[in-house]
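Just passing along the structure, written as structure tokens.
The values are calculated or read from the model by the stated rules, or taken from the named source; none is laboratory data. Since this is a predicted model, take the numbers as computed values, not measurements. Cβ: placed from backbone, ideal geometry, glycine included. Neighbour counts: every protein chain shown.
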Amino acid sequence: MDTNDTEQVYAYLAARYDEGEGHPTSRDLAGVEEIVVLSLLRNISFHDVLDAATGTGRYAVRLAQMGKHVVGIDVSEPMLAQARAKASQLGLDIEFRRASVLAAPQADESFDLVICALALAHVKDLAGAVRELVRVLRCGGHLIISDLHPNIQKLWGPDWTAAIKDGRLLISGGEKDMANAWQCQQVPFPQYHGDVNEYLESIKAAGAEVLAAIDVPMEQGLGLLPGPLVIFARKSEHVTVEPAASADARNSRG
Ligand SMILES: C[S@@+](CC[C@H](N)C(=O)[O-])C[C@H]1O[C@@H](n2cnc3c(N)ncnc32)[C@H](O)[C@@H]1O
């Protein structure tokens, strides 16, 4: 298991993530993104789904409610605990496992749909993560990746930090002077990818065809700003999948 730069932040966020704590626009962003993702899903057929970086199980729960067989993975145990609690309250049978998108524990070609929502911004090795997501996808299966738009990621950057005080996430967003003045603990919350092409090229290199890259602007205080980027792709029918590395080798790849 690779240790993830953002684990501390999500440990604090987990209990309040579904209320949108952490960033004022995060709930709006997820709401807008979800409309796009659900509209894409209406036009494809699938049964076995991997919700990669499932968080509190936003898509895992929704898709299981639609009768799909869903597996959710995430590096954050506190986020997974929320997801498990939701699934159990709703009587849904979803397998949640602690695992990184860089080393998914599933066999090659296990799923018809892989969804990775609002997470890859935090994963430095984007190409490695996408390769792994495509590896577990069946040929002809679909991949949906959404993320905070790269233009926003570029503004925030890999050194972005969140500030924590008395166990609460006060500000998410690199206001280091303010965080120092308030004597907050600063924890990494990197946003790594500043270019849409990084996503598109990673998907192509992994053996999938990009069907759409949807850039959804959002009205925010300053006017119309980039919101989520949603990429819809399909694994090519004739991809030679490299033999899966052994679990040990995959875990050390992190
Ligand atoms: C903004 S949340 C999104 C959660 C969920 N996909 C959603 O859209 O509501 C980002 C999630 O990515 C997870 N994450 C970050 N890096 C990861 C990695 N390398 N492998 C798996 N999960 C990761 C975090 O733990 C967190 O739960």
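Does any residue of segment 178-186 turn out to be out of contact with any Gly (no Cβ under 8 Å at 6 or more places or on another chain), at pLDDT below 95, buried (at least 18 other Cβ atoms within 10 Å of the Cβ) and not small (Gly, Ala, Ser)?
Yes, that holds for at least one residue.
Out of all the residues in segment 95-122, which are crowded, with 16+ Cβ neighbours inside 10 Å and away from the ligand (no atom under 15 Å from the Cβ)?
Of everything in segment 95-122, those that are crowded, with 16+ Cβ neighbours inside 10 Å and away from the ligand (no atom under 15 Å from the Cβ) turn out to be Glu109, Ser110, Phe111, Asp112.
Looking at segment 1-24, I want the residues that are under 22 Å from Glu132 (Cβ atoms) and have a partner that is at pLDDT below 60 and within 11 Å of the ligand (Cβ to nearest atom) with Cβ atoms under 8 Å, at least 6 apart or on another chain. Which pairs are those?
The qualifying pairs are Met1/Gly254; Asp2/Gly254; Thr3/Gly254.
Across segment 42-57, which residue is farthest from Leu120 (Cα to Cα) among those that are among the aliphatic types (A, V, I, L, M) and in a loop (DSSP other than H, G, I, E, B)?
Start the filter on segment 42-57 by keeping residues that are among the aliphatic types (A, V, I, L, M), which leaves 44, 49-50, 52-53.
Pick out the ones that are also in a loop (DSSP other than H, G, I, E, B) and you get 44, 53.
Values: Ile44: 23, Ala53: 8 Å.
Across segment 42-57, the extreme among qualifying residues is Ile44.
Let me confirm something: among Ser39, Ser45, which residue is more than 22 Å from Gly227 (Cα to Cα) and either within 11 Å of the ligand (Cβ to nearest atom) or modelled with pLDDT of 95 or more (or both)?
Working: Ser39 fails: more than 22 Å from Gly227 (Cα to Cα).
Of Ser39, Ser45, the one residue that is more than 22 Å from Gly227 (Cα to Cα) and either within 11 Å of the ligand (Cβ to nearest atom) or modelled with pLDDT of 95 or more (or both) is Ser45.
Now, a different point. Mind telling me which of the residues Tyr17, Tyr12 ends up being of a type in the set (Phe, Trp, Tyr), within 13 Å of the ligand (Cβ to nearest atom) and over 25 Å from Ile231 (Cα atoms)? So that I can check it myself, show each step before the final result.
Values: Tyr17 fails: over 25 Å from Ile231 (Cα atoms).
One residue alone meets the criteria, Tyr12.
Against the definition (modelled with pLDDT under 80 and over 23 Å from Leu13 (Cα atoms)), how does Gly207 come out, yes or no?
Details: modelled with pLDDT under 80: no; over 23 Å from Leu13 (Cα atoms): yes.
Considered against the rule, which asks whether it is modelled with pLDDT under 80 and over 23 Å from Leu13 (Cα atoms), Gly207 comes out as no.
Same structure again: So, Ala83, is that one away from the ligand (no atom under 14 Å from the Cβ), part of a helix (DSSP H, G or I) and at pLDDT 95 or above or not?
No.
Then there is this: Given the conditions (1) surrounded by 15 or more Cβ atoms within 10 Å (Cβ to Cβ); (2) within 15 Å of the ligand (Cβ to nearest atom); (3) over 16 Å from the mean Cα position of the chain (by Cα); (4) modelled with pLDDT of 95 or more, report the number of the one that Leu92 does not fulfil.
(2) is the only condition that Leu92 fails.
Against the condition at pLDDT below 95 and either of a type in the set (Val, Ile, Thr) or part of a loop (DSSP other than H, G, I, E, B) (or both), how does Ile164 come out, does it pass?
Spelling it out, Ile164 is indeed at pLDDT below 95 and either of a type in the set (Val, Ile, Thr) or part of a loop (DSSP other than H, G, I, E, B) (or both).
Next question, about the same structure. Restricting attention to segment 63-77, which residues are surrounded by fewer than 17 Cβ atoms within 10 Å (Cβ to Cβ) and assigned to a helix (DSSP H, G or I)?
Once the filter is applied, which keeps residues that are surrounded by fewer than 17 Cβ atoms within 10 Å (Cβ to Cβ) and assigned to a helix (DSSP H, G or I), segment 63-77 yields Gln65, Glu77.
Additional query: Test Asp125 against the stated conditions and say whether it is more than 21 Å from Ile214 (Cβ to Cβ) and within 11 Å of the ligand (Cβ to nearest atom).
yes
Would you tally the residues in segment 49-75 being of a type in the set (A, V, I, L, M) and closer than 15 Å to Leu90 by Cα?
6
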